[in-house]
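The values are calculated or read from the model by the stated rules, or taken from the named source; none is laboratory data. The shown structure was predicted, so the numbers you read here are calculated from the model rather than taken from an experiment. All Cβ positions, glycine included, derive from the backbone under ideal geometry; neighbour counts span all protein chains shown.
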Amino acid sequence: MENGEAIASFYRRFLRNTQEEKNHLIAECPFCQKQGLESAGRLVVSLDTSGFFNGYFRCLNRCVPGGFPLWFAKLMGVSPDKAPGYDPDREFIRPQAEYPATNINTEVTIYQDQLNEELLARFQQAGIGPAVLAELKIGYNGRYLVYPYVQEDGNCYAARCVFPERREDFFWHGDERFFADQHHLFNSEDIQRCENGALFLCQGEDNLLTLKQLGFPGVAVPDPHSLEVLDPERFAFIHTVFIVTENNPEAEAAARAIAAKIGYKARLLRWSIGLPRNYDLFQLACDKGKEFKAAVLAMIQESSAFSPFATPQREYDRFREQLTQEAGAAYEAMKTGFPRFDQALDGLHGINIVGGAPKVGKSCFAIQIATEMARHKVPVLYYDFENGRQKLYQRTLSRLSRLPVPAVKDAGATGAGGPSFASACQQFQELLVYLRVINDRKLNAEIMRRHIDFIRHETRSEYTVVVIDSLHKLPFKEFSEQRTGIDAWLRQLEAIRDELQVSFLILSELSRGTKDGYTDTPHMGVFKGSGDIEYSADNALVFTPNWDPLQTSEDAQRQNNLWLVASREHTPGLVARYGLDYPYWGFIELE
């Protein structure tokens with residue numbers, strides 16, 4: 001028997017004088033006389049198998065709180081295994097916590113009797129009648145509205161007292177042990193009544209009252225913070241949780257936080273664009289009047305299950321957007337200034353790791369690429385843990401001005417560098433708009449993300465280049481954790497690449513090869529502490545000297561080979577040869 005028919009048969013079995021009207025089963029309420037009412041009211045059961053509240057029952061006299069089949073079975077004294085959805089492997093009602101012997105039930109009753117006509121009229125503006133206020137035991141202490149936070153044992157140990165016209169003016173009354181966050185759930189008893197069913201989770205007690213007036217089950221928290229810290233396990237046996245908050249970014253963020261914890265069963269109710277900040281269900285009920293129920297049903301219909309994934313349509317649109325961007329000028333502008341390099345790798349994209357022996361010119365090569373890209377208005381973040389900002393700037397100005405570093409220093413001090421130096425200074429000043437050099441030894445992935453966001457905002461650019469000199473000098477907690485730390489950094493860099501459209505040029509040390517040198521044929525294993533490099537790098541390159549770094553040689557005669565040893569998209573092999581542009585701290589790509 002399908003679940004829908006099983007639910008209908010279950011209620012027909014235990015109810016008398018039943019009739020069906022538009023997906024509802026209407027019968028004589030079996031609980032009214034037990035509650036001391038002179039005559040039985042009507043009990044209504046939803047039998048809408050396509051709806052979220054299929055199987056939810058409620059007495060129109062409100063003699064007992066409504067709920068789903070397992071709660072009905074408990075009230076009727078029927079064995080729970082007779083109810084649809086019963087699971088013998090779990091407790092029907094979760095074990096109660098230990099509660100103190102004293103409570104404030106008597107005070108709550110006194111406060112209920114003090115509700116005056118003015119306050120009743122206030123609630124009536126939103127359509128909330130006395131029966132709902134009585135059901136949730138709302139009271140008044142002469143100055144503050146009293147919202148009793150009844151626990152699952154049916155007793156109240158603490159209440160929130162709120163000034164009617166200033167919701168920010170409130171205090172907690174009762175046992176201080178129940179002032180803590182874990183007890184900030186108003187009408188929490190509805191959770192056990194809605195096992196295997198649906199209920200609302202609201203921000204604000206008054207907002208819940210409007211839903212209870214419509215006949216919906218639900219619980220409420222007093223503020224967004226309580227929503228964020230709410231234990232999702234409390235909804236473990238609920239099939240669908242509708243989350244509705246005030247209309248503001250803080251509350252929406254809190255709703256998304258708890259929805260992420262609850263998972264697929266959470267559905268967020270969203271507000272229409274253009275509504276005032278802090279607009280809520282209470283105000284909607286005041287504005288809509290008799291149309292309020294239709295408005296809530298529309299919000300339910302438009303809600304969608306919280307998902308960590310983009311919709312298929314959004315995923316396709318994102319794919320097309322990326323295709324368009326990759327065909328655009330900004331993507332094409334990601335060139336290094338070295339034609340053979342750009343031809344072999346189609347520019348600088350993804351994670352590019354360049355390994356090289358000590359003192360072969362890796363930093364010089366990376367600085368040249370970084371500054372050339374910045375000259376062409378590509379934003380570059382240069383994380384330098386090798387040379388220092390001043391030395392990096394001096395070498396850049398030397399290359400631009402065609403003056404050796406000592407002459408650059410002298411020209412900077414005396415102003416005697418001539419027109420070429422003045423022109424280079426102007427170029428250098430302009431490229432600094434797109435280049436940021438960072439020496440922060442406390443760098444982490446979150447700080448790097450903020451740097452990327454900042455420079456993209458400042459330059460209004462779609463893409464960013466991050467240069468790291470070098471991978472093995474990125475900050476780690478302890479030196480002994482370097483291998484693990486490098487792998488952790490690579491995972492973070494992969495995420496940044498994918499989420500923020502960032503290209504990386506990362507310098508790496510090499511392991512010593514045979515005869516304690518660095519002259520082995522380039523391959524993935526030559527990277528020092530290679531670990532996850534072979535899996536993370538889109539392009540792995542090795543910068544090898546054609547000269548012996550341990551022997552004296554003329555600087556102008558030094559040449560290096562750049563090898564592509566592994567790539568996701570390109571053919572490995574020799575990329576190009578580079579001659580040292582002595583003494584100007586640069587390289588020339590050779591034929």
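Overview of results
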quantity	calculated
Contacts under 8 angstrom Cβ, first residue in the range 419-442 being assigned by TED's automatic domain parsing to the domain that holds ARG402 and surrounded by fewer than 16 Cβ atoms within 10 Å (Cβ to Cβ), partner among the hydroxyl-bearing types (Ser, Thr, Tyr) and part of a helix (DSSP H, G or I), 6 or more apart	SER420/SER401; SER423/SER401; VAL433/THR459
So ARG449, is it farther than 17 Å from GLY586 by Cα, at pLDDT 90 or above, among the charged types (D, E, K, R) and crowded, with 16+ Cβ neighbours inside 10 Å	yes
Any hit, the range 41-49, residues being loosely packed, with under 13 Cβ neighbours inside 10 Å and not assigned by TED's automatic domain parsing to the domain that holds LEU133	no
The range 1-18, residues that are in contact with a strand residue (DSSP E or B) (Cβ under 8 Å, 6 or more places away or on another chain) and either within 20 Å of GLN33 (Cβ to Cβ) or not assigned by TED's automatic domain parsing to the domain that holds PHE57 (or both)	TYR11, LEU15, ARG16, ASN17, THR18
Helices (runs of 4 or more DSSP H) completely within the range 87-177 that count 3 or more residues being within 30 Å of ASN3 (Cβ to Cβ) and in contact (Cβ under 8 Å) with a residue 40 or more places away in the chain	none
Checklist (1) closer than 29 Å to GLN283 by Cβ; (2) outside any helix (DSSP H, G or I) applied to LEU25, failing item	(1)
Qualifying residue in the range 251-260 (condition: of a type outside the set (Phe, Trp, Tyr) and in a loop (DSSP other than H, G, I, E, B))	no
Checklist (1) under 39 Å from the mean Cα position of the chain (by Cα); (2) within 30 Å of ALA298 (Cα to Cα); (3) not in a helix (DSSP H, G or I) applied to TRP71, failing item	(3)
Conditions (1) at pLDDT 95 or above; (2) hydroxyl-bearing (Ser, Thr, Tyr); (3) assigned to a loop (DSSP other than H, G, I, E, B): number failed by SER461	(1)
Residues located in the range 308-327, provided they are loosely packed, with under 12 Cβ neighbours inside 10 Å and in contact (Cβ under 8 Å) with a residue 24 or more places away in the chain	PRO308
Helices (runs of 4 or more DSSP H) (entirely within the range 285-387) containing at least 3 residues that are at pLDDT below 85	312-326, 329-332
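Conditions tested, residue by residue: (1) under 16 Å from SER511 (Cβ atoms); (2) at pLDDT 75 or above; (3) not basic (Lys, Arg); (4) not assigned by TED's automatic domain parsing to the domain that holds SER363.
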{"residue": "HIS523", "(1), (2), (3), (4)": "yes, no, yes, no"}
{"residue": "GLN551", "(1), (2), (3), (4)": "no, no, yes, no"}
{"residue": "VAL565", "(1), (2), (3), (4)": "yes, yes, yes, no"}
{"residue": "VAL575", "(1), (2), (3), (4)": "no, yes, yes, no"}
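Conditions (1) modelled with pLDDT of 90 or more; (2) of a type outside the set (Ser, Thr, Tyr); (3) over 43 Å from the mean Cα position of the chain (by Cα), marked per residue:
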{"residue": "GLU2", "(1), (2), (3)": "no, yes, no"}
{"residue": "ARG13", "(1), (2), (3)": "yes, yes, yes"}
{"residue": "ILE26", "(1), (2), (3)": "yes, yes, yes"}
{"residue": "ALA40", "(1), (2), (3)": "no, yes, yes"}
{"residue": "VAL44", "(1), (2), (3)": "yes, yes, no"}
{"residue": "LEU47", "(1), (2), (3)": "yes, yes, no"}
{"residue": "ASN54", "(1), (2), (3)": "yes, yes, no"}
{"residue": "CYS59", "(1), (2), (3)": "yes, yes, no"}
